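Okay, structure first, notes after.
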Amino acid sequence: MLAYIVKRILATIPVMLVVALTVFSLLFLAPGDPATMIAGDQASAADIDRIRQSLGLDQSFLVQFGSWLWRLAHFDLGNSVFTGQPVTSLMAERVGPTLSVMLLTLILSIAIAVPLGVVAAWKSGSWIDRAIMSVSVVGFSVPLFVVGYILAWVFALKLQWLPPQGYTPLSEGVGPWLQRLILPAITLGFVYIVLIARITRASMLEVLQQDYVRTARAKGLGPRKVLFLHALKNGAVPVITVIGIGFAALIGGTVVTETVFTIPGMGRLTVDAILRRDYPVIQGLVLVFSFVYVLVNLAVDLIYTLVDPRIRY
Amino acid sequence: MRSEGSRLSAALKQMRRHPTIPFGATVLVAMVAIAIFAPLLGTIDPTATSLARRLREPSAQFIFGTDMLGRDLYSRVLYGARISLLVGFSVAVFSSIGGLFLGLIAGFIKRVDVVVMRVMDGLMSIPSMLLAIALMALTKGSVINVIVALTIVEIPRVTRLVRSTVLSLREQPYVEAAIAAGASTPRIIVRHILPNSLSPLIVQATYICAAAMVTEAVLSFIGAGTPPITPSWGNIMAEGRTLWQLKFYIVLIPAAFLSATVLAVNLLGDGLRDALDPRRIY
């Protein structure tokens, strides 16, 4: 058990290295000379050369990658070309809103999607099943920002139940914090809910045909106990997998959601960095988001062993 | 050999069994027609500005209204169909070809497999939207750059699909028999591997087409995609962003066109997936 966990954790290191190499190459290929940019308009050719040397930009790709990795290991992602601030502190300022939205989205999505999928499988072929499946096809097709604007238009502008945009930190109270997060979380969770509900349904359909489910029914257990105690537990692995894989959509979605709802998070920071071509910030954000994605999937793999003791690699 | 007539009736039977195929195809064909014949459909120059007719709500004269520069939204939305469809189809075709090529090589040559799949793992560990954004940050916004960036984003998934098909097919008795009989690798690829990987590839390509259209709109929406001068659905929505509380139609109309097109392609994909899967019995 422990050996497996250690092995699985060690296996993420090469993946992260490949990710780091990919992200570094992206910046390495970026057009424009960072030394010229930092030196400014007034600098002479000698000044630019000096800056280039001091930054190590005259070194080979591998040497630069090595020293970049070394700095990365010390949580140094360089400085913003635009403001001069360290990228890590820029991100630290923005992490709160993004974490808030993502956490609420995760909780809301699982709480909505899993029961929907279970019901659709249980009543397979009925109008409920067909309704859930039809809505899910539409859910896949309507882009996130469209969902966001429609929700904001209906619930904030027309019904005036919730504020349309903005963000209130948790320190100002749970109520105001939650109030501004509900619409972004539903928007961001839309595709996620569809994804999880579909997989839950498919997995449950398979499990419900197993002998032990028939046994559970035969011994007189109620449908709720059969579904949630016997079937869902055994059908959980694909559901957990898709929660991990779908996390990529969640990360990509924060960029759009934070733009639609003007939330000052890391997604919004990404958009600002793109518009300013602030490469160190873009690089840092892509790297951190990708590492989070890898770690989430590591967590998913480790959760497997808890849910299904048969799984060993 | 089946006659033309029975083949046609077999096709019709498939359509009846999978009604999402004709539905999706009809909507998609309509959108393609709109894109091709945009100049003939009563449109005016989609880039012509006019301060005198700014922000008109939809009316008989401007059925979709006008934007803040007085440009006719009906014309812009119709011309915008060109960008979405061009990006969707191009990315689907190019990433299928690229992924097919890489997947075949990885599936047949062990030494290349290790390198190619590690690179693909690395690319797939970066959330696709962020990879697209990062690639677009490297170049200036243009439709061709969007197509290239999204092709790079989608290739790993196709490669993995083709590679896994190759690996499982190579274990099949009839392929083993062909190898034992001395068939060359190119012959095995053309006779056995390609025909069998085609259906999953076509289904995957339709989903890629849908995903690429959405991503193009998102990239344009955040200002990293199609340049603002070209009307695209994402661009029109980006322009309506600041005014969405007052003039919601600027966001809503391109959004409806985009959603309908993506839905059509997804339904087509779902139908093809069910129709092309011989294991599914109805």
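The values are calculated or read from the model by the stated rules, or taken from the named source; none is laboratory data. Keep in mind that this is a model prediction, so the values were computed, not measured. Don't worry about glycine lacking a Cβ; one is built from the backbone with ideal geometry, like all the others, and counts go over all protein chains shown.
If you check A:310, A:268 for being farther than 30 Å from residue A:125 by Cα and outside any helix (DSSP H, G or I), only one passes: A:310. One residue alone among B:263, B:243 is surrounded by fewer than 24 Cβ atoms within 10 Å (Cβ to Cβ) and facing chain A (nearest Cβ under 9 Å), and that residue is B:263.
The rows are residues; the columns are (1) within 14 Å of another protein chain (Cβ to nearest Cβ); (2) within 22 Å of residue B:241 (Cα to Cα).
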{"site": "A:86", "(1), (2)": "no, no"}
{"site": "A:110", "(1), (2)": "no, no"}
{"site": "A:126", "(1), (2)": "no, no"}
{"site": "A:137", "(1), (2)": "yes, no"}
{"site": "A:157", "(1), (2)": "yes, yes"}
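Would a scan of the stretch A:60-76 turn up a residue that is charged (D, E, K, R), over 26 Å from residue A:24 (Cβ atoms) and more than 14 Å from chain B (Cβ to nearest Cβ)? The answer is no; no qualifying residue exists. Of the residues making up the stretch A:249-270, those that are more than 15 Å from residue A:186 (Cα to Cα) and either more than 16 Å from the chain's Cα centre (by Cα) or more than 8 Å from chain B (Cβ to nearest Cβ) (or both) number 7. Can you pull out every residue in the stretch A:212-228 that is under 21 Å from residue A:198 (Cα atoms) and loosely packed, with under 13 Cβ neighbours inside 10 Å? A:223, A:224, listed by residue number. Of the residues A:246, A:222, only one is of a type outside the set (A, V, I, L, M, F, W, C) and at pLDDT 80 or above; which? None of the others qualify; the one that does is A:246. Suppose the filter is at positive phi and either modelled with pLDDT under 90 or surrounded by 22 or more Cβ atoms within 10 Å (Cβ to Cβ) (or both); does residue A:257 pass it? The answer is no for residue A:257. Looking at B:147, B:133, B:193, just one residue is modelled with pLDDT of 90 or more, out of contact with any Asp or Glu (no Cβ under 8 Å at 6 or more places or on another chain) and surrounded by 16 or more Cβ atoms within 10 Å (Cβ to Cβ), and that residue is B:147. Please find, among A:226, A:242, A:213, the residue that is in contact (Cβ under 8 Å) with a residue 12 or more places away in the chain and under 23 Å from the mean Cα position of the chain (by Cα). From the options A:226, A:242, A:213, the qualifying one is A:242. Checking each residue in the stretch A:224-248 for being assigned to a helix (DSSP H, G or I), among the small types (Gly, Ala, Ser) and more than 10 Å from chain B (Cβ to nearest Cβ) picks out A:231, A:236, A:244.
Give the residue, chosen from A:275, A:188, A:205, that is surrounded by fewer than 22 Cβ atoms within 10 Å (Cβ to Cβ), assigned to a helix (DSSP H, G or I) and within 13 Å of chain B (Cβ to nearest Cβ). Outline the logic, then answer.
Numbers: A:188 fails: surrounded by fewer than 22 Cβ atoms within 10 Å (Cβ to Cβ); A:205 fails: within 13 Å of chain B (Cβ to nearest Cβ).
Only one candidate qualifies: A:275.
Within the stretch A:12-30, residues that are facing another protein chain (nearest Cβ under 7 Å) and closer than 16 Å to residue B:116 by Cα reach partners that are assigned to a helix (DSSP H, G or I) and among the small types (Gly, Ala, Ser) with beta carbons closer than 6 Å, at six or more positions or on different chains, in the pairs A:18/B:122; A:19/A:290; A:19/B:122; A:22/B:122. Out of B:130, B:104, one residue alone is within 11 Å of chain A (Cβ to nearest Cβ) and under 27 Å from the mean Cα position of the chain (by Cα). It is B:130. Filtering B:238, B:256 for residues that are closer than 20 Å to residue B:85 by Cβ, surrounded by 20 or more Cβ atoms within 10 Å (Cβ to Cβ) and hydrophobic (A, V, I, L, M, F, W, C) leaves a single hit, B:238. Restricting the search to helices (runs of 4 or more DSSP H) fully inside the stretch B:160-266 and requiring at least 2 residues that are closer than 30 Å to residue B:29 by Cβ gives B:194-221, B:233-240.
Taken as a whole, the condition of being surrounded by fewer than 15 Cβ atoms within 10 Å (Cβ to Cβ), outside any loop (DSSP other than H, G, I, E, B) and touching a residue at least 60 places away in the same chain (Cβ under 8 Å) does not apply to residue A:63.
Is it true that some residue in the stretch A:88-104 is surrounded by 14 or more Cβ atoms within 10 Å (Cβ to Cβ) and part of a loop (DSSP other than H, G, I, E, B)? Scanning the stretch A:88-104, I find no residue that is surrounded by 14 or more Cβ atoms within 10 Å (Cβ to Cβ) and part of a loop (DSSP other than H, G, I, E, B), so the answer is no.
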